[in-house]
Amino acid sequence: MFKAVTSIAPAASSCCRRGVLFRSSAPLTSFYQLNTSACFSTTSQLMASTEFKGAKRLEGNYGNVWVEYIALTMKHNALNLGQGFPDFAPPDYVTKALVEAVTGPNVLLNQYTRGYGHPRLVNAIAKLFSKLHDRPVDPMTNVLVTAGAYESLFCCFQGFINPGDEVIIIEPFFDCYEPMTRAAGGTPVFVPLRPSKPGSLMTSAEWKLDPAELESKFSRKTKALVINTPNNPLGKVFTREELEMIANLCKKYNVLVFADEVYEWLLYDGHKHTRIATLPGMWDRTLTISSAGKTFSVTGWKLGWTVAPDHLMKHVSAFHQNCVYTCATPIQEAAAVGFELELGRLDSPDCYFLELPAMLQPKRDLLAAQLQEVGMLPVTPDGGYFMVADFSHLGVETGDDSDEPKDCKFVKWLIREKKFATIPTSAFYSKEHKSVAENYIRFCFIKEDSTLRRAGDILKEWKRSLKQ
Ligand code: IK2
C-alpha cells in the first residue's frame, strides 16, 4: 500500500484515506508518500459497493497540480525546485519558542486556545498590521488565525460566495482559487496578465493586465476579485497605480477583494509592497490574507491569518468556527514570540522580514544566471520566491504527443529524464488561457546555494550532452 516502508505504519494507515504526504526524520528531500492510487481504488470499490456519490460541489475538483507533480518528483527521486518551501532552517528563535511552548512550565499551551486566534498571537498581529495599514486593527475583531493562508482563503470563499456569484481571478493564480470558488457554488471569471515582450528577457513587472479587458469581466453577478501580490508564480509586485486601477473598478462595481499577500515581505531591488486594503475606500471591502509559513520560513507549520473589518470578518470567522474551530496552540504561541521580537526591530536590517529577502536576492540572481547559461529566458521576479523561465528556444523533443500544454510535457520529461523537478506555469492559468504560459516553467529559489548549484549542474550537463 505504501511506496516506501515507513516506521510510522499506524499513523500512516490512519492517514491513508486522506492521501497525506509523510516526512521521516531522514533528510528533507526524502519524503515518504502514500500510494494514493491504491488508497483511492480501495475507496472507490467501497463507494461502488454502497453507491455513495461524492458531493456535487466536488465535481471537477479531484486532484491538482501538487498531487500530480509531487508524486512524480518522489517517484523519480528528483531534485526538487518545484514546490515552494525552504530547504534551510527557519530562524532559531521561532523553533526554540515552539519547544518552549510544548515543554515549558505553562502546560496549558498544549491545550485548546481561543478559536479565532490565540490571544498572544492576535495581539502581535494586530500591533503589526495597525502599523502596516496605518489604522487601528482590533486583535479580537479584525484578526482571524487559520490553518495556513489556505484555510483563510477557503473561509473567505465559503463566507461570501453563493451559487450564481462570479469571482474575478487574476492569472496566473495560486491554483486553489478556482476549486474554492466552484466549491462555494460560484463561477470563476479569469483575466490574464500577459508578457509584454514574449520571447525575450523580461522582469515580472513586464507582465501586465489590460485595464479594458479587466473591466469587461465585471458584471452585476461579480461578488469578489482575488489578487495575489507579490504573485506566485511570476513574482510580480503590483504597482500602486495598477492596484488603484483595480481598486477603482471594485468600488465602481461594488465588489469585495480577497488580497492574498503571503509573500508580503519578499521584495527585491527596492520594490515596495502596496497593500490594496490601504488604498482610499478599500479597507471596508478587503480581506487581507497572510501566512506564518512564508513569513518565518516554516511552511510545514500551516499557520495563516486574515485581517479585515468587523462587518466582513464575522462571516469568515463563522465559517472557521464551524470547520477548523481552533488552530494548534503551541504553533501560535511560537509565531507570537517571533512577531514580538520582529516588532521591536522592524526597520533594522536584522529584522527577519528584511533579512530574508536580502538573503534571497543573490539566490534569485544565481538561478537566473544559470538558466540563461543554458539558453532559457528567465523572468526576473521583483518579489516572492519563484521564477518562471521561457524554455521554448531549447527545442527539446519530449516524445510526448498528448494534448497537454507544452510546459507540462517538458516538466514531466525533466523529472523523468534529468531527475529535476519544476512546476508547469500553465497550471496557474485557466483552461482558456493556458497558451499564455505554456512556454514557461516555474523554479523555486528559496533553497541552499548548493541546491541551486546542483540544479545548474544538471542543466549544464544536459546542455553539454545536446552539443555532442
Ligand atoms: N497563497 C499563495 C499565493 C501561496 O503561494 C500559498 C502557498 N504556497 O504554495 C506553494 C507553492 O506554490 O509551491 C498559499 C496561499 C498557502 O499558504 P499556506 O501554506 O500558509 O497555507
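The values are calculated or read from the model by the stated rules, or taken from the named source; none is laboratory data. As the structure is a computational prediction, the values presented were derived from the model and not from experiment. Here the Cβ is made from the backbone with ideal geometry for all residues, glycine too, and neighbour counts use every protein chain on show. Side chains included, ligands, DNA and RNA excluded: accessible areas come from the protein's heavy atoms. Shrake-Rupley method; radii C 1.70, N 1.55, O 1.52, S 1.80 Å.
Among bridges DSSP assigns within the chain, what percent are antiparallel (round to 5)?
50
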With every protein chain in place, what's the accessible area of Glu448 (1.4 Å probe, Å², nearest 10)? 80
Solvent-accessible area per residue, Å², over the stretch 214-287 with all protein chains present [probe radius 1.4 Å]: 36
Total formal charge among the other residues, if their Cβ is under 9 angstrom from that of Phe353, Lys/Arg +1 and Asp/Glu -1: -3
How do Trp66, Trp305 stack up against each other in accessible area, from largest to smallest, with a 1.4 angstrom probe? Trp66, Trp305
Computing the accessible area with a 1.4 Å probe over protein heavy atoms, can you report the carbon and sulfur percentage for the chain? 54
Partners for Lys409 among lysines (Cα-Cα distance below 21 Å; same-chain residues under 8 apart left out): Lys75, Lys418, Lys419, Lys431, Lys434, Lys460, Lys463
Solvent-accessible area of Tyr150 with every protein chain in place, 1.4 Å probe, in Å² to the nearest 10: 90
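What is the local net charge at Thr181, summed over the other residues whose Cβ is closer than 9 Å to its Cβ (Lys, Arg +1; Asp, Glu -1)?
-2
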Please report the net charge: other residues with Cβ closer than 13 Å to the Cβ of Thr113, K and R +1, D and E -1. +1
With every protein chain in place, the accessible area of Thr278 for a 1.4 Å probe, in Å² rounded to the nearest 10, comes to 50
Over the chain, what is the relative contact order in whole percent, taking alpha-carbon pairs under 8 Å and six or more residues apart? 20
